[in-house]
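The values are calculated or read from the model by the stated rules, or taken from the named source; none is laboratory data. The structure displayed is predicted, hence computed values, not measured ones. FYI the Cβ positions are ideal-geometry reconstructions off the backbone, even for glycines, and counts take in every protein chain you see. Ligands, DNA and RNA are excluded from the accessible area calculation, which covers all protein heavy atoms including side chains. Shrake-Rupley method; radii C 1.70, N 1.55, O 1.52, S 1.80 Å.
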Amino acid sequence: MAACFGGFALHAEQGRVIVSVLSPMAYGPNCWSNVELQNLGMTDVTVNVEGHKGSGALVALVGSSSVWVKVAPARKVTLRLQVPGEESLEGWVRVSETIPAAVQGPAIAVSGETECLANEKLTTVPQTVAFPTRNPWLTADVKDLARRVVMILNASNEAATAKVCYSRGSTVSRPGENGTGGEPMPVCIEALTMQIPPFGTTMAPRNVKGIPSFP
């Protein structure tokens, strides 16, 4: 059985702006997440760094009193996503670097990690940087999603719609304008449409009526 995801409406910034996303960034009494900014250039660079809850709400990052962070040449800045009194697995951080017209590429290397303490044992999970994409899609077999979750993140400042199609692999082709067969499309046994608030996240359901859940 396949699960097909489309129409996430993630909007990348326009112009000479590089947007990096670190997600998911867990936080709580026993978990905290850090983002590290390293300036590989030869001049000061100021970047916009936003910490968000899964709801999309903006939160302050420990280590900076502003969303604007200046990084000196050959220096590193470490910020922590930690919300006192709250716990979540769906926090995330967005880093935006504006590239001047006279500069060919970015200077800030972005990395992150999540640390959790359980039974007096500290576990560290490196975070992978992703880049927002307009109208992304994902097609995968449910068996390939074992022990995983599908998280949908809206990195834009406008509400987005996510469409989820659960299929057994059957497809249908719609006739094209010239009468020829069109591109095959999956036949959905169950289809869902979910609205995601600005800067919010949601999870694709693992249990849907008539569809076996992810292992």
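Beta carbons closer than 7 Å, at least 6 apart along the sequence or on distinct chains, pair a first residue in the range 121-149 that is without any contact (Cβ under 8 Å) to a residue 24 or more places away in the chain with a second that is among the hydroxyl-bearing types (Ser, Thr, Tyr) for Val125/Thr114.
Which residue, of Leu58, Leu40, Leu89, is in contact with a His (Cβ under 8 Å, 6 or more places away or on another chain), hydrophobic (A, V, I, L, M, F, W, C) and open to solvent by 20 Å² or more (accessible area, probe 1.4 Å)? It would help to see each step written out before you state the result.
Numbers: Leu40 fails: in contact with a His (Cβ under 8 Å, 6 or more places away or on another chain); Leu89 fails: in contact with a His (Cβ under 8 Å, 6 or more places away or on another chain).
After applying the criteria, what remains is Leu58.
Here Ala102 fulfils each of the conditions (1) closer than 22 Å to Val69 by Cα; (2) open to solvent by less than 90 Å² (accessible area, probe 1.4 Å); (3) more than 18 Å from the chain's Cα centre (by Cα) apart from (2).
Thr133 meets the conditions (1) within 27 Å of Glu36 (Cβ to Cβ); (2) modelled with pLDDT under 90; (3) part of a strand (DSSP E or B) in every case but one. The failed one is (3).
The condition (being under 30 Å from Gly41 (Cα atoms) and not hydroxyl-bearing (Ser, Thr, Tyr)) is satisfied by just one residue among Glu120, Glu90, Glu113, Glu183: Glu113.
What do you reckon, is Pro106 under 19 Å from Glu50 (Cα atoms) and in a loop (DSSP other than H, G, I, E, B)?
yes
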